[in-house]
Amino acid sequence: MSVPDAQIFPHATGTALATVDAHQEPQELIFYAGWFCPYVQRSWITLEEKGVPYQYKEVNPYKKEKHFLDINPKGLVPAVEYHGKALYESLVICEFLEDAYPDHKPSIFPGDAYTKAYARIWVDYVGKAFIPAFFRLMQAQEKEKHDLFRTELYDALRKFAAQVKGPYFLGEEFSLVDVAIVPWITRDYILAENRGYDRGDGSAEWKRYADHVEQRESVVKTKSDKYAEIYGRYLRDEAQSEAAKAIRAGRVIP
């Protein structure tokens, strides 16, 4: 049986396409990406924030080429190849870029140890509370579950928004906490169009934060305009991504 996700649109669109086109020259760091993937967008935003030179290579994670699997046995995007060595996992890549390119500013980590640890707590919260709630609502098929999971999502985002210092999570500086959550904010219009979600129904604080953070230049530059086409598979609960399969099975997203 064919994998439905294998027939995805083959390249970025909108403002993201111009960013891809600007990063085709060989560099010491190769960024293996899927334009549609929110986890990819995390690492991509960090690359753009810090101005790290990189070569962008599009990967369909459902049609993996041999070289990609050789350097990344897990077979997931995003991944980077740096001096012939590979890394994967979106947040790991973000932290690697901080350490490997310390002279490239701004930093996405705060400078003091306490605030850095505090940021990690909320990055963890995004992964364990917000993102699963987002996908559960998107993949739910019955109205009763739409109502249940929409409430769950609102609860998760309200808790997050209550900690936002403004305009970004930690205050004036854009940080890894913002990077961790904003790709789902850029995609929440799909929930608005199909699952009764409304930013304002979450809380006024959430709407203010979400409206602001999605306008960050690095976010805009890495955003495509065909997400709805991709996420139709999630809305029908047909997607075969690892995240979709985990939600379907009631497991933690890998």
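Observations, loosely collected:
- Between ILE253 and GLU28, the modelled label-to-label distance comes to 3.3 nm, taking each label 7 Å out from Cα in the direction of the beta carbon.
- Beta bridge orientation in the range 4-100: antiparallel %, DSSP, nearest 5: 65
- Working from label points 7 Å from Cα in the Cα-to-Cβ sense, the ALA246 to ASP155 distance is 2.0 nm.
- Net charge dipole size for the chain [Lys, Arg +1 and Asp, Glu -1 on Cβ; Debye, nearest 20]: 660
- Between GLU172 and ASP201, the modelled labels are 3.7 nm apart [label points 7 Å from Cα along Cα→Cβ].
- Nonlocal Lys pairs with alpha-carbon distance under 29 Å, the range 110-194 (8 or more apart, or different chains): 9
- Of (i) 75, 55, 50; (ii) 51, 50, 31; (iii) 98, 33, 26, the label for Cα extents along the principal axes in Å derived from the coordinates: (ii)
- Relative contact order of the range 4-100, defined on C-alpha pairs under 8 angstrom at six or more residues apart (%): 31
- Spin-label proximity, ILE121 to the range 160-185 - amide N less than 20 Å from point 7 Å beyond Cα toward beta carbon: 160-181
- Note on the chain: antiparallel DSSP beta bridges, both residues inside, total approximately 70 percent of the bridges counted.
- Relative contact order computed over the range 113-249 (Cα-Cα under 8 Å; 6+ residues apart), in percent: 30
- Positive dipole terminus of the chain, leading residue within PHE96, GLN7, ALA246 (C-beta point charges): ALA246
- Note on the chain: GNM, Cα springs under 10 Å; of ASP112, ASP211, ASP188, the largest mean-square fluctuation is that of ASP112.
- When the charge dipole of the range 14-96 is built from unit charges on Cβ atoms (+1 for Lys and Arg, -1 for Asp and Glu) and taken about the Cα centre, the candidate among GLN41, VAL59, PRO26 whose Cα reaches farthest toward its positive end is VAL59.
- Within the range 113-249: Cβ-based charge dipole about Cα centre, in debye rounded to nearest 20 (Lys, Arg +1; Asp, Glu -1): 260
- Dividing the mean sequence gap of close Cα pairs (under 8 Å, 6+ apart) by how many residues the chain holds gives a relative contact order of 24 percent.
- Separation between Cα centres of the range 24-46 and the range 157-206, rounded to whole Å: 23
- Dipole magnitude (debye, nearest 20) for the range 4-100, charges at Cβ of Lys, Arg, Asp, Glu: 340
- Fully extended contour minus Cα-Cα distance, from LYS165 to LEU17, at 0.36 nm per residue: 50.0 nm
- Top of GLU205, GLU89, GLU172 by mean-square fluctuation, Gaussian network on the chain, Cα under 10 Å: GLU172
No lab work stands behind these numbers, since they all come straight from the coordinates. A quick note: this is a predicted structure, and the numbers were derived from the prediction, not measured. All Cβ positions, even for glycine, are placed from backbone atoms using ideal geometry, and neighbour counts span all protein chains on display.
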